[in-house]
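See structure below.
The values are calculated or read from the model by the stated rules, or taken from the named source; none is laboratory data. Small disclaimer: the values here were computed from a predicted structure and weren't measured. Counting neighbours? That spans all protein chains shown, and the Cβs are built from the backbone with ideal geometry, glycine included.
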């Protein structure tokens with residue numbers, strides 16, 4: 001547990017000193033959402049109607065943007081090899097890196113989302129659920145993404161490959177995330193959507209580190 | 001007697017047989033030097049010993065217990081120094097080192113890191129970010145890692161690359177101390193590292209014979225292998 005914390009703290013420190021990953025993800029998220037009013041026109045009703053979907057799609061893409069480098073730096077400088085030789089199991093290494101990735105890129109998205117929702121004229125009833133779905137959903141994005149990041153490690157144009165691999169797997173998260181917000185706005189209960197999202201998180205939390213570690217072992221051979 | 005041994009090891013890389021029928025044994029206090037031309041499998045053997053690679057055939061054992069039964073315990077008692085120095089450019093040397101010391105299970109990582117840097121003769125780089133370190137300083141930092149957390153078995157893959165003469169002498173001393181305390185060292189090298197009573201293993205003794213060897217599927221793109229016959233003569 002101590003080793004796990006050490007690794008998370010190191011990744012956070014690296015992210016804070018480099019600074020780029022966290023800010024790029026959240027800047028991309030904001031810009032992506034801001035583009036929509038320009039594209040579909042400043043009609044408040046249309047924007048309000050598509051707000052939930054737009055914010056969720058932008059969150060998916062922003063999360064994907066930083067995933068490519070989840071293991072890349074450690075792989076290239078030999079740290080990953082050494083991490084696989086420490087007493088900390090590789091599954092725990094994956095989980096620690098995912099946790100750090102989520103804290104650095106996922107949490108800023110959750111904070112920025114309500115402001116963007118305001119910008120898109122989303123109905124007030126959806127704000128709480130928006131934050132809730134992102135809080136449950138973004139860890140799933142990081143977890144599933146870790147499998148793809150491990151699988152594409154060492155591949156040329158790994159980032160493109162990663163998107164092709166991972167985006168289809170994000171679809172259920174998108175459906176239930178945006179669905180919950182729509183339900184809340186139209187006066188229905190978002191509970192079933194949220195429960196399904198929670199279910200996906202409960203499944204991904206133990207399974208993704210195993211799959212990610214298996215992918216890393218393949219890359220380290 | 002807690003010896004580390006491998007028997008009848010075969011290594012297959014990219015469809016090419018690197019070595020076969022390799023047997024070794026390292027007892028406490030022993031040092032084993034791996035010699036051989038480029039491409040003869042020194043790094044592969046060290047990676048197999050570390051558990052990074054699985055041997056195609058053959059077994060590794062510690063005190064007659066097969067390693068494959070308990071890889072976690074093996075990781076706890078092994079330090080591996082490869083070709084890459086694993087130095088993070090934005091962390092200082094002391095932070096880099098303390099991180100590995102903490103993962104290796106040292107009680108007071110910061111203190112151990114300082115002591116290890118001192119021992120490697122570079123206490124002044126403690127506060128310097130990794131990106132400003134020279135190749136030799138990075139290598140010293142990587143070697144300090146094996147001192148920062150205790151482990152019985154050291155696997156060093158060409159540890160003297162980028163080191164100056166003084167650092168090589170220092171490394172020799174450190175290895176001698178480690179062996180005096182019952183530690184084991186396996187290293188590959190192209191330069192001379194003085195180690196009393198060290199045994200050598202010539203890897204070209206285990207490279208499969210030329211084209212008439214049926215197991216070679218012709219996937220040979222490694223030009224370094226051309227000098228194998230010559231190296232074999234000098235080895236025998």
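In this structure, is residue B:37 more than 14 Å from chain A (Cβ to nearest Cβ) and either surrounded by 19 or more Cβ atoms within 10 Å (Cβ to Cβ) or touching a residue at least 24 places away in the same chain (Cβ under 8 Å) (or both)?
yes
Please work out if residue B:56 is more than 23 Å from residue A:7 (Cα to Cα) and within 13 Å of another protein chain (Cβ to nearest Cβ).
Details: more than 23 Å from residue A:7 (Cα to Cα): yes; within 13 Å of another protein chain (Cβ to nearest Cβ): yes.
Here the answer is yes, as residue B:56 does meet what is asked.
Please find, among A:146, A:124, A:112, the residue that is over 10 Å from the mean Cα position of the chain (by Cα) and in contact (Cβ under 8 Å) with a residue 24 or more places away in the chain. Talk me through it step by step, then tell me what you get.
Working: A:146 fails: over 10 Å from the mean Cα position of the chain (by Cα); A:124 fails: in contact (Cβ under 8 Å) with a residue 24 or more places away in the chain.
Selected residue: A:112, the only one of A:146, A:124, A:112 that is over 10 Å from the mean Cα position of the chain (by Cα) and in contact (Cβ under 8 Å) with a residue 24 or more places away in the chain.
Has segment A:1-17 got at least one residue that is part of a helix (DSSP H, G or I) and more than 14 Å from chain B (Cβ to nearest Cβ)?
Keep residues of segment A:1-17 that are part of a helix (DSSP H, G or I), which gives A:2-17.
Imposing the further condition that a residue be more than 14 Å from chain B (Cβ to nearest Cβ) reduces the set to none.
No, there is no match, as no residue in segment A:1-17 is part of a helix (DSSP H, G or I) and more than 14 Å from chain B (Cβ to nearest Cβ).
How about segment B:167-178: which of its residues are under 15 Å from the mean Cα position of the chain (by Cα) and buried (at least 19 other Cβ atoms within 10 Å of the Cβ)?
B:171, B:174, B:175, B:178
From A:95, A:70, which residue is part of a helix (DSSP H, G or I) and touching a helix residue (DSSP H, G or I) at 6+ places or on another chain (Cβ under 8 Å)? Steps first, please.
On the way: A:70 fails: part of a helix (DSSP H, G or I).
The conditions single out A:95.
Please find, within segment B:101-129, the residue that is nearest to the chain's Cα centre (by Cα) out of those that are more than 24 Å from residue A:16 (Cα to Cα), more than 9 Å from every other protein chain (Cβ to nearest Cβ) and touching a residue at least 40 places away in the same chain (Cβ under 8 Å).
Among those residues, the one meeting the criterion is B:120.
Does any residue of segment B:52-68 turn out to be out of contact with any strand residue (DSSP E or B) (no Cβ under 6 Å at 6 or more places or on another chain), in the same structural domain as residue B:171 (by TED's automatic domain parsing), free of Cβ contacts under 8 Å to residues at least 24 places away in the same chain and assigned to a helix (DSSP H, G or I)?
yes
Yes/no per residue for (1) under 30 Å from residue A:78 (Cβ atoms); (2) modelled with pLDDT of 95 or more; (3) exposed (fewer than 15 other Cβ atoms within 10 Å of the Cβ):
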position	(1), (2), (3)
A:150	yes, no, no
A:153	yes, no, no
A:160	yes, no, yes
A:164	yes, no, yes
A:181	no, no, no
A:189	no, no, yes
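Please indicate, with yes or no, whether at least one residue in segment A:75-87 is more than 14 Å from chain B (Cβ to nearest Cβ) and buried (at least 19 other Cβ atoms within 10 Å of the Cβ). Before you say what the answer is, go through the steps one by one.
We begin by selecting, within segment A:75-87, every residue more than 14 Å from chain B (Cβ to nearest Cβ); these are none.
No, segment A:75-87 contains no residue that is more than 14 Å from chain B (Cβ to nearest Cβ) and buried (at least 19 other Cβ atoms within 10 Å of the Cβ).
Check segment A:40-63 and report whether any residue there is within 14 Å of chain B (Cβ to nearest Cβ), surrounded by fewer than 21 Cβ atoms within 10 Å (Cβ to Cβ), over 30 Å from residue A:218 (Cβ atoms) and without any contact (Cβ under 8 Å) to a residue 24 or more places away in the chain.
Scanning segment A:40-63 turns up no residue that is within 14 Å of chain B (Cβ to nearest Cβ), surrounded by fewer than 21 Cβ atoms within 10 Å (Cβ to Cβ), over 30 Å from residue A:218 (Cβ atoms) and without any contact (Cβ under 8 Å) to a residue 24 or more places away in the chain.
In this structure, does residue A:215 turn out to be modelled with pLDDT under 95, surrounded by 14 or more Cβ atoms within 10 Å (Cβ to Cβ) and within 30 Å of residue B:14 (Cα to Cα)?
Values: modelled with pLDDT under 95: yes; surrounded by 14 or more Cβ atoms within 10 Å (Cβ to Cβ): yes; within 30 Å of residue B:14 (Cα to Cα): yes.
The answer is yes for residue A:215.
Please work out which residue is farthest from residue B:189 (Cα to Cα), limiting yourself to segment B:69-100 and to residues that are facing chain A (nearest Cβ under 8 Å) and surrounded by fewer than 19 Cβ atoms within 10 Å (Cβ to Cβ).
Among those that are facing chain A (nearest Cβ under 8 Å) and surrounded by fewer than 19 Cβ atoms within 10 Å (Cβ to Cβ), it is B:90.
Consider residue B:97 carefully, then state whether it is part of a helix (DSSP H, G or I), within 19 Å of residue A:83 (Cα to Cα) and more than 17 Å from the chain's Cα centre (by Cα). Walk me through it before giving the result.
Numbers: part of a helix (DSSP H, G or I): yes; within 19 Å of residue A:83 (Cα to Cα): yes; more than 17 Å from the chain's Cα centre (by Cα): yes.
So residue B:97 fits the description; yes.
Scan (1) in a loop (DSSP other than H, G, I, E, B); (2) within 14 Å of another protein chain (Cβ to nearest Cβ) for the single condition residue B:47 breaks and write down its number.
Residue B:47 satisfies every listed condition except (1).
Tell me, please, whether a residue that is at pLDDT 90 or above and closer than 17 Å to residue A:50 by Cα can be found in segment A:132-142.
Checking segment A:132-142: at least one residue is at pLDDT 90 or above and closer than 17 Å to residue A:50 by Cα.
Does residue B:194 qualify as being away from every other protein chain (no Cβ under 14 Å), without any contact (Cβ under 8 Å) to a residue 24 or more places away in the chain, in a loop (DSSP other than H, G, I, E, B) and under 29 Å from residue B:45 (Cβ atoms)?
Values: away from every other protein chain (no Cβ under 14 Å): yes; without any contact (Cβ under 8 Å) to a residue 24 or more places away in the chain: yes; in a loop (DSSP other than H, G, I, E, B): yes; under 29 Å from residue B:45 (Cβ atoms): yes.
Answer is yes for this residue.
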